[in-house]
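Data first, discussion second: the structure below is written as structure tokens.
The values are calculated or read from the model by the stated rules, or taken from the named source; none is laboratory data. No experiment lies behind these values; they were computed from the predicted model shown. Every residue, glycine among them, receives a Cβ derived from its backbone with ideal geometry; neighbour counts consider all protein chains shown. Remember, those area values only see protein heavy atoms, side chains included, never the ligands or the DNA or RNA. Shrake-Rupley method; radii C 1.70, N 1.55, O 1.52, S 1.80 Å.
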Amino acid sequence: MSQLDELYREVILDHYRNPRKRGSLKGPHVHAEGNNPSCGDEFALDVAVEDGLIIDAAMQGQGCSISQASGSMMMDAIVGKSIDEARDLTHKFKVMMTIVDGDSPVDPERPGAVLGDLEALQGVRRFPVRIKCADLAWTTLSEALDRATDGDR
Amino acid sequence: MSDLRSLRADFPILSREVNGHKLVYLDSAATTQKPVSVLDAMDRYYRNSNANVHRGAHTLSNEATEMYEGARVKVASFIGAQAAQTVFTRGTTTAINHIAYGWGLDHLGEGDRILVTIAEHHANLVPWQIIARHTGAELVYLELTDDYTVDTSDLEAVLDERVKVVAFSGMSNVTGALGPIDVLGKAARSVGALIVLDAAQLVPHSPVDVTEVDVDFMAFSAHKMLGPTGIGALWGKAERLEEMEPTEGGGEMINMVERQTSTWAPVPHKFEAGTPPIAEAVGFAAAVDYLTAVGMENIALHEQELTTYALERLSEIPDLKVYGPKDVTHRGGTVSFELADIHPHDIATILDQDGIAVRAGHHCARPLMKYLDVPATARASFYLYNVPEEVDLLVDSLMNARRIFGIA
């Protein structure tokens, strides 16, 4: 597979074209927004938290396939998880993207074992300038979760 | 097609490889590549003549001063101007900030209007927004026609004595559309407004003579015309430069300094506080020499032919939309486009794998992106060193982008 085909895997293009949980939440939720001013990617999300559990989430925004697919996959991955689990997942994702140091959560022998679909985004690592695209949703999530635990609704 | 391809040998970077392919540099609207003569001139300055200017009586200082002031004469004459009215700045952005702060703060007030176009670069918007906030003035926008040129048909509706500044670009860095210099100039004169021309994309690509265009101020950058980064020029009518206050104080820009007050050096040094970018000025002059030797008419013709070819070839790609004038006499060689549902960043990444450099993003023109209702565009921009084969490579790579995104 060429580096480009590796980057634009089918699952990524599917999430780009059919983003999961696009829209806004009606009930109580926290909201956070992020953007990459240099390239114009915009991402926003609503997260509904009850008793430390993420019971629902919705995303808004616009941007490249990587930023939108990363956000869409993140939506799939976080709903039903506790805030701590979502933070742990965020950390693992950032380790995978080599945004933060740590042992790679991706076992090369068993792809898909830890991060599921998200591992399809590994191809982004070969394109350093695009890592910030993949990261945008997760940075925005961190902000939302901080807000949720600050009781700032 | 006019053939400037022998010039390519003067640009060392054009022979390098990117991702296993020969570099195809289509991002000259962002910054241009530099010929050997510019690199050598700057190198020679540092090796042989480096010293501070306008101070000390030693030989090197005299040489450096002569080179710096000689550069001013060359850059000025390139636009038909006098050196005394040509200020070296950090670039176009700094030049427009000089005007906005140095002229705008004193001459604008509550209810005054600054007329701009929706196609402006942030460099010709944000300084005015800041000054508007300080003075109570407001920005008023002209929009675009269906062909992406500035729509001057309802100019009468916005034009009255409240308009104190008319600021617009000579060529859009997004659509490539040429600015209506004559129409807006006449309109501005009819209400006594100041005319500011952002010529960052105009001066590098076509002959410009300030004695033939009626503007008060004109700004441009060296790095967009084969010169180094960190230097540009602000040209102004003598009386306008006189009435403009300096926005930076320091060495070099003063006449006499007392404990409480100072008086200013004459124009242009009044606006050049601190040690100036001397090597950059030398490089700027070498760039102007290079462009003059090729001939600005030849460059303009070459770009027009290349743009004609590019628009023709791009029209063969299904689902590709160009955001810019179709008529090449209304535009320069900057071509913004979108391709199906492939985001511009993705296009840029895919092209980069083929060694092709284009820009993707909002091009420092977010209000225009909002107006066009696009999140971003991809942009290919041409200069004297580009050749038709590079357009062909661009088209091939865009077809590959369609394949990767599964578009039949």
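Numerical summary
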item: The listed residue being in a helix (DSSP H, G or I), more than 28 Å from B:Tyr45 (Cβ to Cβ) and open to solvent by 80 Å² or more (accessible area, probe 1.4 Å), out of B:Glu303, B:Glu242; result: B:Glu242
item: Subset of segment B:337-382 that is in a strand (DSSP E or B) and within 9 Å of another protein chain (Cβ to nearest Cβ) - its residue that is farthest from B:Glu305 (Cα to Cα); result: B:Ile342
item: Conditions (1) open to solvent by 60 Å² or more (accessible area, probe 1.4 Å); (2) among the hydrophobic types (A, V, I, L, M, F, W, C); (3) in a helix (DSSP H, G or I); number of the one not met by B:Met256; result: (3)
item: Any hit, segment B:320-336, residues being over 27 Å from B:Asn124 (Cα atoms) and either open to solvent by 10 Å² or more (accessible area, probe 1.4 Å) or part of a loop (DSSP other than H, G, I, E, B) (or both); result: yes
item: Qualifying positions in segment B:155-199 - open to solvent by less than 10 Å² (accessible area, probe 1.4 Å), part of a loop (DSSP other than H, G, I, E, B) and hydrophobic (A, V, I, L, M, F, W, C); result: B:Val174, B:Ala193, B:Ala199
item: Sole residue being within 11 Å of chain A (Cβ to nearest Cβ), over 22 Å from the mean Cα position of the chain (by Cα) and not in a strand (DSSP E or B), chosen from B:Ala401, B:Ala408; result: B:Ala401
item: Residue in segment B:4-43 that is surrounded by the most Cβ atoms within 10 Å (Cβ to Cβ), counting only those that are in contact with a helix residue (DSSP H, G or I) (Cβ under 8 Å, 6 or more places away or on another chain) and among the charged types (D, E, K, R); result: B:Lys34
item: Every residue from segment A:32-61 that is of a type outside the set (Gly, Ala, Ser) and over 14 Å from the mean Cα position of the chain (by Cα); result: A:Asn36, A:Pro37, A:Cys39, A:Val49, A:Glu50, A:Asp51, A:Leu53, A:Ile54, A:Ile55, A:Asp56
item: Subset of segment B:383-398 [assigned to a loop (DSSP other than H, G, I, E, B) and open to solvent by 10 Å² or more (accessible area, probe 1.4 Å)]; result: B:Val387
item: A:Gly71 at pLDDT below 95 and either open to solvent by 50 Å² or more (accessible area, probe 1.4 Å) or within 14 Å of chain B (Cβ to nearest Cβ) (or both); result: no
item: Meets criteria (touching a Ser or Thr at 6+ places or on another chain (Cβ under 6 Å) and not polar (S, T, N, Q)) for B:Leu142; result: yes
item: Flag for A:Ala86 being of a type in the set (Gly, Ala, Ser), farther than 30 Å from B:Ala348 by Cβ and either within 11 Å of chain B (Cβ to nearest Cβ) or buried (at least 18 other Cβ atoms within 10 Å of the Cβ) (or both); result: yes
item: Selection within segment A:34-59 - away from chain B (no Cβ under 13 Å), open to solvent by 30 Å² or more (accessible area, probe 1.4 Å) and not acidic (Asp, Glu); result: A:Gly52, A:Leu53, A:Ile55
item: Filter result for B:Val282 (open to solvent by less than 30 Å² (accessible area, probe 1.4 Å), assigned by TED's automatic domain parsing to the domain that holds B:Val208 and touching a Leu at 6+ places or on another chain (Cβ under 8 Å)); result: no
item: Condition check for A:Met96: closer than 30 Å to B:Asn19 by Cβ, away from chain B (no Cβ under 13 Å) and within 13 Å of the chain's Cα centre (by Cα); result: yes
item: Where A:Gly63 falls short, out of the listed (1) modelled with pLDDT under 95; (2) away from chain B (no Cβ under 14 Å); result: (2)
item: Flag if B:Asp354 is open to solvent by 10 Å² or more (accessible area, probe 1.4 Å), of a type in the set (Asp, Glu), out of contact with any Lys or Arg (no Cβ under 8 Å at 6 or more places or on another chain) and not assigned by TED's automatic domain parsing to the domain that holds B:Asn173; result: yes
